[in-house]
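Read the figures in this text as sums done on the coordinates, not as results from a lab. Please read all numbers here as calculations on a predicted model, not as lab measurements. Note that we place each Cβ from the backbone using ideal geometry, even for glycine, and neighbour counts take in every protein chain shown.
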Amino acid sequence: MNATVYTIKNNMLTKIRSTANIGLTTIPIDVEVDVATAGFPGFTIVGLASKAVEEARERVKTAIINSGFDFPPKKITVNLAPADIPKDGAAYDLPIAVGILIASEQLPDEIVFDLKKQFFYGELSLDGTLRPTRGVLLLALFAKNITGSQLFVPEASANEASVINIPVYPIPTLHRLIQHFVKTKPIDTLSYLPIKDALDSEPPEFDLSEIAGQEQAKRAIIIAASGGHNMLMFGPPGTGKTMLARALPGILPPLTEQEALEVTRIYSISGLLPPGASLVTKRPFRAPHHGVSTVGLIGGGSNPMPGEVSLAHLGVLFLDEMPEFPRSALESLRQPMEDGTVEIVRVAGHVRYPASFTLLSAINPCPCGYLGHPKRTCTCSERQIARYRHRISGPILDRIDLHVSVSVIAVDKLSQSLKNNPNAITSCQAKKMVMDAREVQTKRFANTKIYTNSQMKNKDVKRFCILTPESENILKLASETYNFSARSYIRMIKVARTIADLDHKKDILPIHVAEALQYKQMV
Amino acid sequence: MKKWNSVTGKHGEDIAVETLKNKGYAILERNWKNKFGEIDIIAKKDDIVVFVEVKTKIGELYGLPEEMVGKGKLQKVRNMATVYLHGTDVPCRIDVVAVVLTNEGSVTRLTHYENVY
């Protein structure tokens with residue numbers, strides 16, 4: 001008889017290892033399957049199982065029969081231990097099915113399992129094939145810390161685990177899994193794919209050079225991309241705000257290995273990785289529509305899922321027509337913008353997701369859009385304008401470092417730009433500048449958890465941002481004149497730091513501070 | 001069709017009664033019913049009153065008889081048992097007897113599950 005099956009009072013008991021994901025934390029779960037020899041036939045699952053797990057009963061039963069095995073007409077009890085952690089999702093289908101097959105002694109005796117080291121994870125469909133299951137990367141990251149561990153995961157999701165150097169078996173069907181153990185048709189482990197080979201950069205959707213004029217905005221967008229600073233574009237309709245935003249992904253530096261893993265973890269748990277994909281290779285660029293709810297933006301649900309802010313982690317969150325967003329949704333951005341993480345609290349527990357994003361927003365100056373237009377007249381009343389401006393609160397604006405006016409461009413300049421302007425900066429050049437500036441930052445923040453200047457905490461600012469005396473004077477004078485908040489003051493130093501990095505200077509010179517100041521909102 | 005089902009059921013119950021008698025059970029009632037339902041067999045052994053639900057199937061091609069006894073059916077038997085005992089505190093239990101017959105009516109399998117509720 002199989003070594004891993006214990007016989008207790010004629011009952012067959014087996015224990016299969018799997019994992020549960022609570023937010024981004026992975027907890028080992030023991031799937032205990034008991035097939036009793038006495039007792040009225042039935043199939044119960046206990047261990048704080050959600051509806052999706054309860055329904056595993058029907059899926060497992062049908063999948064076992066359709067894979068050519070017998071579903072034992074016996075009293076089957078499945079316990080998901082530890083019993084006090086809520087389990088959700090369909091990933092327990094495979095461990096339950098394997099447990100039943102072992103405990104009902106349907107497998108040949110010569111199969112030797114090493115159930116302490118083998119992790120089973122995946123959703124079964126009725127015909128016994130394994131469906132793509134979310135969270136495989138998290139399982140792999142967890143199993144990496146256990147020596148000798150092996151993963152048995154659905155073939156369609158297995159690539160997620162290929163960037164972790166452990167044996168991963170991609171399982172197409174339950175039947176094939178058993179064939180693998182019987183050694184009639186062994187399954188090969190996935191070959192290890194080093195992360196840096198998976199990363200690639202794609203050509204941008206828009207090139208910066210395609211946008212007519214707007215030199216200041218382009219400069220600001222390069223600064224934003226270099227240091228991860230929040231940016232707000234302000235101007236009448238049709239001047240290129242959205243185009244500038246669309247050009248941003250093209251100048252962002254590629255993800256580093258560590259960053260790619262961090263981002264992919266979030267996409268893995270959200271189930272947003274397409275089947276067969278192994279890694280998020282591009283920096284995220286999320287542009288939610290303004291109808292988004294607070295939960296959609298921040299994350300939530302009874303089993304809290306990441307929202308747009310977390311999906312934009314280490315990338316860009318673009319809010320087009322920012323005043324049209326629900327106020328509650330905008331205000332909820334305050335905590336993640338400051339901390340770089342978002343803490344979601346629900347009855348079931350609390351979950352922390354990383355949310356270190358660069359906010360890029362576009363707004364019109366007034367409801368009609370033509371306030372301050374050189375030719376057209378604005379048709380809004382003072383009251384309407386005041387109300388429109390009020391939709392974005394001071395605390396949010398205070399957290400935005402780069403305020404740029406994207407103004408109307410004259411027709412002759414526009415026609416000139418359509419004829420290939422050689423002076424216009426291309427995305428390729430801009431990307432080079434950004435990557436150089438990021439390299440400086442990577443060197444500076446080696447051995448810390450910071451990637452960009454905007455992520456510095458106050459103590460880091462003190463350590464890394466050395467202002468020359470003249471620079472400090474300018475900053476002091478400006479703060480007194482315009483009554484900047486303490487936060488603005490610190491944030492301005494960070495922007496100046498990025499500008500100095502773009503300039504390849506070690507110290508922050510007055511000209512860097514002066515440039516940082518001109519992007520600050522002066523009202 | 002229905003008519004034949006009831007004939008099959010009756011035949012299965014007869015077989016179950018025989019088996020219980022052989023096991024030393026005293027049969028108290030058969031098809032004890034009121035307007036809420038019916039208990040197939042009420043038997044007694046070692047001073048324990050046993051309420052028996054019998055489920056009969058011809059062949060196992062369309063499912064096992066065990067699968068056809070759901071939670072609802074057992075709850076019904078339990079309610080009926082309470083009525084039968086008038087709420088008195090007598091040691092009792094609910095059993096299920098699953099009978100599988102061949103087309104000709106001979107028994108291929110008979111399983112007696114004790115204390116299923």
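Numbers below:
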| read-out | value |
| --- | --- |
| Structure-based [θ]222 nm, chain B - -39500 (n - 2.57) summed over DSSP H runs of at least 4, per residue, nearest 500 | -10000 deg cm²/dmol |
| Antiparallel bridges, percent of DSSP beta bridges restricted to the stretch B:2-113 (to nearest 5) | 65 percent |
| Whole-number percent relative contact order across chain A, with pairs defined as alpha carbons under 8 Å at least 6 apart | 13 percent |
| Share antiparallel - DSSP beta bridges, the stretch A:8-156, percent rounded to 5 | 70 percent |
| Residue order, fewest to most beta carbons within 10 Å, for A:Phe119, A:Phe285 | A:Phe285, A:Phe119 |
| Selection of trypsin sites (Lys or Arg not before Pro), the stretch A:69-174, meeting DSSP coil and at most 15 other Cβ within 10 Å | A:Lys116, A:Lys117, A:Lys144 |
| Residue with peak Gaussian network fluctuation, chain B [Cα springs, cutoff 10 Å], from B:Glu13, B:Glu60, B:Glu29 | B:Glu60 |
| Environment charge of A:Gln150, counting only residues whose C-beta is closer than 14 Å and scoring Lys/Arg +1, Asp/Glu -1 | +2 |
| The stretch A:388-523: C-alpha gyration tensor shape, a/c 1.5 cut-off, then a/b vs b/c | oblate |
| Euclidean distance between Cα centres, the stretch A:351-421 to the stretch A:447-506, Å | 25 Å |
| Chain B, Rg to Rh (Cα coordinates; Rh as Kirkwood inverse mean 1/r) | 0.96 |
| For the protein assembly as shown, size of Cβ-based charge dipole, Lys and Arg +1, Asp and Glu -1, in debye | 1200 debye |
| Alpha-carbon centroids, the stretch A:218-237 and the stretch A:249-307: separation in whole Å | 21 Å |
| Prolate/oblate/rounded label for chain A (Cα gyration tensor, a/c 1.5) | prolate |
| Karplus 3J(HN,Hα) series, Hz, for the stretch A:478-491 with 6.51 cos²θ - 1.76 cosθ + 1.60 (x for Gly, Pro) | 5, 4, 5, 5, 9, 6, 5, 6, 4, 5, 4, 4, 5, 5 |
| Sites A:Glu331 and A:Asp114 - FRET efficiency at Förster radius 41 Å, r taken between beta-carbons, to 0.05 | 0.20 |
| Percent antiparallel among DSSP beta bridges (both partners in chain A, rounded to 5) | 50 percent |
| Low-density loop positions, trypsin sites (Lys or Arg not before Pro), the stretch B:27-68 - DSSP coil, at most 12 other Cβ in 10 Å | B:Lys35 |
